[in-house]
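Novice: Would you mind keeping the following structure in view while I ask a few things?
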Amino acid sequence: MLGGGIGLLLDNTRSACWSPVLMCLLYVAVGRRLVRARLKPAKSTPSNVDALIGAQGTVTQRIAPFAPGQVKVRDEVWRAEVAPGATTPIEPGAVVTVAGVSGATLQVR
């Protein structure tokens, strides 16, 4: 449509045929990069259990090295165990940090 308009303005059929070709090449060279940059997803945000790593919580049920307990993190109660390398039990009321996740069990220190 634009090519036809250019051809009518210039009173030249060659310009009517070549202007769409030039516009397509311009789009391929410049337009696609601009569109891709705009459609590129924003920086990903961790979701689900990955978002809990580094979060702090409160122990609600005693946690020992071989006896899992419970912690409350972000208003949710989770099954928890001590992080690898820890040897002392953690008593209720203590503030802990989530070091990792194993299935549906948080590893805390």
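Novice: Label-point separation (nm) for Val35 and Leu9, each offset 7 Å from Cα along Cα-to-Cβ?
Specialist: Label-label distance for Val35 and Leu9, simple model: 2.3 nm.
Novice: Using the number of other C-beta atoms within 10 angstrom as an exposure proxy, rank Glu91, Glu76, Glu81 with the fewest first.
Specialist: Numbers: Glu91 12, Glu76 9, Glu81 21.
By the 10 Å Cβ count, ascending: Glu76, Glu91, Glu81.
Novice: Now for a separate question. Quick one, which of (1) 15.7; (2) 18.4; (3) 19.3 is the actual Kirkwood radius over Cα pairs in Å calculated for this model?
Specialist: After the calculation, the listed value that fits is (2).
Novice: Let me ask something else. Against the longest principal axis of the chain, how steep is helix 13-26, in degrees 0 to 90 to the nearest 10, with axes from Cα atoms?
Specialist: 20 degrees
Novice: Tally Lys and Arg at +1 and Asp and Glu at -1 over the other residues with C-beta under 13 Å from the C-beta of Gly93: what net charge comes out? Show your work: numbers first, answer last.
Specialist: Details: positive: Arg62, Lys72; negative: Glu91.
Result for the neighbourhood of Gly93: +1.
Novice: Give me the net charge for the shell around Pro68: Cβ to Cβ below 12 angstrom, other residues only, Lys and Arg +1, Asp and Glu -1.
Specialist: +1
Novice: Right, another one. Sum up the charges of everything whose Cβ sits under 13 Å from the Cβ of Arg32, counting Lys and Arg as +1 and Asp and Glu as -1, but leave Arg32 out. Don't skip to the end; give the middle numbers.
Specialist: Details: positive: Arg33, Arg36, Arg38, Lys40; negative: none.
So the environment of Arg32 carries a net charge of +4.
Novice: Quick check on the chain: helices-only [θ] at 222 nm, where DSSP H runs of length 4 and up contribute -39,500 (n - 2.57) each and the sum goes over total residues. Nearest 500, please. If you can, show how the numbers build up before the last one.
Specialist: Numbers: 3 runs with 31 residues, N = 109.
Dividing the helical sum by the residues of the chain leaves -8500 deg cm²/dmol.
Novice: Below 8 Å, C-alpha to C-alpha, sequence gap of six or more: please give me the relative contact order for the stretch 43-109 in percent. Don't jump to the answer; show the numbers that get you there.
Specialist: On the way: 146 pairs, mean separation 22.1, N = 67.
With pairs under 8 Å counted, the relative contact order is 33 percent.
Every read-out reported here was derived from the displayed coordinates using simple, explicitly stated rules and does not represent laboratory data. In this text, all values refer to a predicted model and were calculated from it rather than measured experimentally. Cβ: placed from backbone, ideal geometry, glycine included. Neighbour counts: every protein chain shown.
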